[in-house]
Amino acid sequence: MSDLVDRLRDYSEGPTSYWEPICSEAADRIEELEIELETANHDQAWQLDHISGIEFKIEELENPWISVDDRLPDSMNRSCLSYDGAEISWAFYTSDGKWVIGNSFFEDITHWQPLPPPPEKAE
């Protein structure tokens with residue numbers, strides 16, 4: 001509750017009853033507005049978080065490459081990756097933190113992206 005509401009309530013309870021309804025009504029309305037403002041601020045924070053999430057998804061769609069410094073794939077999921085800054089291949093990322101391409105292990109992987117699921121078989 002704000003200082004203004006406290007002062008209005010104190011004044012409305014004073015010796016002059018003429019101001020009591022006006023001060024009490026003003027204090028009630030200020031409290032209502034404070035609640036509305038708090039709700040609006042909460043809604044705005046939620047919307048900003050939501051927008052930030054959407055912007056991140058858009059960025060992912062525009063550039064699907066994920067830096068290994070930002071995130072690593074789940075282990076044993078096949079991923080498309082880039083190493084030496086240019087080469088592109090697919091590999092598995094193991095639970096012990098290694099990239100496997102065929103029978104070889106690689107360490108200089110810089111970026112990766114999940115492979116899309118295969119197309120569904122036509123019936």
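If Val100 satisfies all but one of (1) touching a residue at least 12 places away in the same chain (Cβ under 8 Å); (2) surrounded by 10 or more Cβ atoms within 10 Å (Cβ to Cβ), what's the number of the condition it fails?
Against the list (1) touching a residue at least 12 places away in the same chain (Cβ under 8 Å); (2) surrounded by 10 or more Cβ atoms within 10 Å (Cβ to Cβ), Val100 comes up short only on (1).
Any residue at all in the stretch 68-83 that is surrounded by 12 or more Cβ atoms within 10 Å (Cβ to Cβ) and modelled with pLDDT of 85 or more?
yes
The values are calculated or read from the model by the stated rules, or taken from the named source; none is laboratory data. Here the structure is a predicted model, which means the values were calculated and not measured. Backbone-built Cβ (ideal geometry, glycine too); neighbour counts: all protein chains shown.
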